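Report on the following structure.
The values are calculated or read from the model by the stated rules, or taken from the named source; none is laboratory data. This structure is a prediction, so every number in the text was calculated from the model and none was measured. Here the Cβ positions follow ideal geometry from the backbone for every residue, glycine too, while neighbour counts run over all protein chains shown.
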Amino acid sequence: MRKYASFDEPARARNLVLQGVRAVDPERNLDQVLDLHIRDGMLSIGPREIPADADVLDLRGHVVTPGWFDLHVHLREPGGEVAETILSGCQAAMNGGFTGVACMPNTEPPLDDAGRVRWVMEKAASLPVDVQVVAAATRARAGKQLVEMSELVDLGVRAFSDDGKPITDTAVLRHALEYANMLGARIFEHADDPDLSVGGAMNEGEWSTRLGLPGMPPLGETLDVLRCILTARYTEAAVHICHVSTKESVEWIRWAKQQGIRVTAEVCPHHLLLTDERCREFDTDFKMNPPLRGEEDRQACLQGLADGTLDTYCTDHAPHAWEAKAQEFDVAPFGVVGLETALGLAFTHLVGHHLDLNAMIARVVYAPRRILSQPLPAIATGEPANLTIIDPEGSWTVRPEEFRSKSRNTPFKGWELTGRARGIVNRGFAVIKEA
Amino acid sequence: MDYKVKAVLVDSAGFARTITRLAHEIIERNRGTERLAFVGMQTRGVYLAQRLARKVEEIEGTGLPVGVLDTTMYRDDFRTALKQPQVRVTEIPFDLYNMNVVLVDDVLYTGRSVRAALDALMDLGRPKRIQLAVLVDRGHRELPIKPDFVGRNVPTSINEEVRVRMTEIDSEDAVLLVEVQQP
Amino acid sequence: MSLLSHKHLLGLVDYSESDITTILDTAERMKEILERPVPKVPTLRGVTVVNLFMEPSTRTRVSFELAEKRLSADTLNFAVSGSSLSKGETLLDTALNLEAMKIDVVVMRHKSPGSPHFLARHLDSIIINAGDGCHEHPTQALLDMMTLRQKFGTLKGLRICLVGDISHSRVALSNIIGLRIMGAQVMVCGPATLIPREIERLGVSVTHRLDEAIQRCDALNVLRIQMERQDAGLFPSLREYHQYFGLTRRRLEKAPAPLTILHPGPMNRGVEITSDVADSEHSVILQQVTNGVAVRMAVLYLLAGATTPPTEMKV
């Protein structure tokens, strides 16, 4: 139906039926083909009579899960509107099948006080996508003084991060963990050792040697992961490791969980599907931080996602204007977009290969929301409709020029995928693309 | 490119006779061998120049210097040809100054290679005089170049070619008229 | 299409043994031209070459310029200071401006690895890499190989050792790649802090002892050590570097047979190499320079070839 296909003016989910879908909600032991009725944004599950005045969407063959949540996204507003805005980033999220995102604070100015955080929240308030703000951990992300966390927690913030860089001063890290933990919030750490990685443009290894590019040793990430784990243990606080990329990081996180240490972790599609050899043409669409690593690291990340060591699958969606990326490889900024390809990549290369659908749902629906202490969506009568609609057989080619995001920097350009996001329903809206 | 032999214009015996006759003509026209030198154009022009020099030595008793000239760098079809031609050896082991040079090539056609050879020789030194000796003149000149010594005149049409075979690199001595089949 | 199956020379990494042999053979022919009374041929008349040198360099630029002029090409020099690059123009805009001017060949030196590849994506021109950061310097490796081939007759099975700051040397990387393609055995020797990670995967052996290298190779290619590396803490002092990695006559005397010595220049006399070695009868450093012009002529000739559809070749 055309009216539900609008991204710019999302239609209200007043009275519609998603007919013939396979509804999958593992936490409710639900995996059944049925009709989903949505009235004023509230769900009820068939079999029921379909009201005559309802919009009926024939979605037979489609899979519906509770809404997917991307725990690591850069919306670039304020300050980076050339690359993305809150609006365009949310449209990209919807296009990719996400009903919620956590946005990072490395904007200009950074989101380190209540005024700025509130500004972002208000801008996102009317959108179908639930935007959770991750505030900066330290003022100006300078790594020295803690932000006013309790005021921010009162606003709804549940995570703090200096993402883009680590909190290098361990005393500051320790205090941040303790203080956030007191408020029931978490520190998200971009794990790295800046002295080891300084000047680096890609993973240090055979390929940085072949390409003459300065390298970022995997040791840098691993050292900081271990530092965070041990500091979290000492303070009995919870810590979350962003975008894990190395084999040793996965091993230490697995060990930490076995010890009962409160660590969670995320992994991105590019670290699961690509290696540093891809940099051989000096294409900056393969430059991100942490960088693509070697094959052993990639396999370890896949294993980590499969066995749950890596709790969540998210994108680190990092838009950049075309001209910013059209520079020499060592000069170009780090980052690739990911919101609009993550689901397709998951269905083509992960689900059914490394983990089953239920496990995938756990990684993208429940884990990220638990980490942010958010209410969990459910497919059940009486629940608010928060749904991701998937065409599991839909084949498509990744064409960056068709992205809803303002940016085009993807390493997956041209990939042929099977499985695409057909639409979302959330916060009283329904955005469902035409077939 | 494949070719089909239409006629054998000169056979092995005829080849030797032509070389002998050319050698005599060169000696006669130049009134002896004083300051005479041969410069052969890569590739078969070089072998011809060497044979002519040997024949002149047989006749007159004096050895003559022989130089080897590659004209690839002077061609006028650089950047419009299908493939970059290989650059071959150029070696003129004597001073060209004031010499009477006999430039030798196997087949004369449009005259463009000889034009290139003349430019190359001028950059290499200042000969007193340059004469042109060719085994075959097949006509269709595009530049005002005229040979001084000709082995055989062979009128040809556009889709015909003259191929010279020499035992130094081919299996026989012969001059063949061939039809060129475009690939 | 040229005799080489490539449009550009961005690096030796995709070149074959036959490509490199063709270049070296053609360079020998070019060397003869350089020895003529009029050392000039009209072959690249009408071809416009821009020398885009975004890193200071006199010798390589002059070598290229000489090669271009010997082939009668029209040459233009865009150097760092005084050009738009120093006014903060991006590489992309520089590329687009060159494209609008319809330049045939761009010879480029830049501090960022991959910048000639970047240019090749945005320009129709033929791109020749004259050094991209710490990545490749293909014409240097080609002239080194030409020099070695002249001395030894062949590169197959030849044992070469590169000595010095391997991790920051584009000369080293291109030599490693080129020599391996041609069947030579390559060793690298330098302080552990200046040997890049996993370099063995490129098919070279590694030693940190120069005396050991001297026992096991036929030729040494001595690389320049830069002051900036000491400042970055990669080795303690030039004095110590010279002590342990400097090539001296006394060290060389211990070799089982006389070694051929190469150096890409410019030399730090008294640091990585002493004058009595650099000026000795086994040093081919000056031949390298002569060969450099010939090799660059060969590369220009072979790449700047036919670009329009073939017409009948008339002789």
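Overview of results
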read-out	value
In the range C:7-41, residue nearest to C:Gly114 (Cα to Cα) [restricted to those that are facing another protein chain (nearest Cβ under 9 Å) and of a type in the set (A, V, I, L, M, F, W, C)]	C:Val13
Of all residues making up the range A:142-153, the number that are in contact with a Lys or Arg (Cβ under 7 Å, 6 or more places away or on another chain) and under 11 Å from A:Asp113 (Cα atoms)	1
Residue ranges of strands (runs of 3 or more DSSP E) in the range A:11-122 with at least 1 members within 27 Å of A:Thr410 (Cα to Cα) and in contact with a strand residue (DSSP E or B) (Cβ under 6 Å, 6 or more places away or on another chain)	A:63-66, A:68-73, A:98-103
Pairs where the first residue, in the range B:85-106, is within 8 Å of chain C (Cβ to nearest Cβ) and the second is part of a strand (DSSP E or B), C-beta under 8 Å, 6+ apart	B:Val89/B:Val68; B:Thr90/B:Val68; B:Thr90/B:Leu69; B:Glu91/B:Gly67; B:Glu91/B:Val68
Extreme residue, farthest from A:Gly423 (Cα to Cα), among residues of the range A:11-54 that are touching a helix residue (DSSP H, G or I) at 6+ places or on another chain (Cβ under 8 Å) and crowded, with 18+ Cβ neighbours inside 10 Å	A:Pro26
Residue satisfying all of: in the range A:198-214; of a type in the set (Gly, Ala, Ser) and surrounded by fewer than 24 Cβ atoms within 10 Å (Cβ to Cβ); nearest to the other protein chains (Cβ to nearest Cβ) among these	A:Gly205
Of residues in the range A:163-184 being in contact (Cβ under 8 Å) with a residue 40 or more places away in the chain and either of a type in the set (Val, Ile, Thr) or in contact with a strand residue (DSSP E or B) (Cβ under 7 Å, 6 or more places away or on another chain) (or both), the one surrounded by the fewest Cβ atoms within 10 Å (Cβ to Cβ)	A:Thr170
Test set (1) on the phi < 0 side of the Ramachandran plot; (2) within 14 Å of chain C (Cβ to nearest Cβ) - A:Val172 fails condition number	(2)
Number of positions in the range C:234-288 that are assigned to a helix (DSSP H, G or I) and touching a Gly at 6+ places or on another chain (Cβ under 8 Å)	4
Subset of the range A:94-140 (residues that are charged (D, E, K, R) and in contact (Cβ under 8 Å) with a residue 40 or more places away in the chain)	A:Lys123, A:Asp130
Identity of the residue in the range A:275-294, charged (D, E, K, R) and assigned to a loop (DSSP other than H, G, I, E, B), that ends up nearest to A:Glu204 (Cα to Cα)	A:Arg293
In the range C:131-160, the residues that are within 14 Å of another protein chain (Cβ to nearest Cβ) and among the aliphatic types (A, V, I, L, M)	C:Ala141
Any pair with Cβ under 9 angstrom, 6 or more apart, that starts in the range A:231-243 at a residue that is more than 15 Å from A:Leu305 (Cβ to Cβ) and modelled with pLDDT of 95 or more and ends at one that is of a type in the set (Val, Ile, Thr) and in a helix (DSSP H, G or I)	A:Thr231/A:Thr170; A:Ala237/A:Thr231; A:Ala238/A:Ile371; A:Val239/A:Ile229; A:Val239/A:Thr231; A:His240/A:Ile371
Out of C:Val38, C:Val13, sole residue that is of a type in the set (A, V, I, L, M), at pLDDT 90 or above and not in a helix (DSSP H, G or I)	C:Val13
Any chance C:Arg45 is surrounded by fewer than 17 Cβ atoms within 10 Å (Cβ to Cβ) and either within 11 Å of chain B (Cβ to nearest Cβ) or without any contact (Cβ under 8 Å) to a residue 12 or more places away in the chain (or both)	yes
Some residue of the range C:99-111 being among the small types (Gly, Ala, Ser) and modelled with pLDDT of 95 or more	no
Members of the range A:215-224 found to be touching a Gly at 6+ places or on another chain (Cβ under 7 Å) and more than 8 Å from chain C (Cβ to nearest Cβ), listed by number	A:Met216
Filter pass, A:Arg210 being farther than 25 Å from A:Ala140 by Cα and over 23 Å from the mean Cα position of the chain (by Cα)	yes
Selected residue (only one of C:Ser57, C:Ser112, C:Ser72, C:Ser63 is surrounded by 15 or more Cβ atoms within 10 Å (Cβ to Cβ), in contact with an Asp or Glu (Cβ under 6 Å, 6 or more places away or on another chain) and either among the small types (Gly, Ala, Ser) or part of a helix (DSSP H, G or I) (or both))	C:Ser112
Selection status of A:Thr246, within 25 Å of the chain's Cα centre (by Cα) and either of a type in the set (Val, Ile, Thr) or more than 14 Å from chain C (Cβ to nearest Cβ) (or both)	yes
Test: C:Asp93 is crowded, with 17+ Cβ neighbours inside 10 Å, within 14 Å of chain A (Cβ to nearest Cβ) and among the acidic types (Asp, Glu)	no
Number of positions in the range C:199-213 that are within 14 Å of another protein chain (Cβ to nearest Cβ) and either of a type in the set (Asp, Glu) or in a loop (DSSP other than H, G, I, E, B) (or both)	3
Members of the range C:289-315 that are at pLDDT 95 or above and either part of a loop (DSSP other than H, G, I, E, B) or within 14 Å of chain B (Cβ to nearest Cβ) (or both)	C:Ala294, C:Val295, C:Met297, C:Ala298, C:Val299, C:Leu300
Residue match in the range A:266-273 (condition: over 18 Å from the mean Cα position of the chain (by Cα) and of a type in the set (D, E, K, R))	no
Residue identified as within 24 Å of A:Val337 (Cβ to Cβ), free of Cβ contacts under 8 Å to residues at least 60 places away in the same chain and surrounded by fewer than 23 Cβ atoms within 10 Å (Cβ to Cβ) among A:Leu302, A:Leu274	A:Leu302
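For (1) assigned to a helix (DSSP H, G or I); (2) among the basic types (Lys, Arg); (3) closer than 21 Å to B:Asp95 by Cβ, each residue gets a yes or a no:
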| site | (1), (2), (3) |
| --- | --- |
| B:Leu9 | no, no, no |
| B:Arg31 | no, yes, no |
| B:Glu34 | no, no, yes |
| B:Ala49 | yes, no, yes |
| B:Arg54 | yes, yes, no |
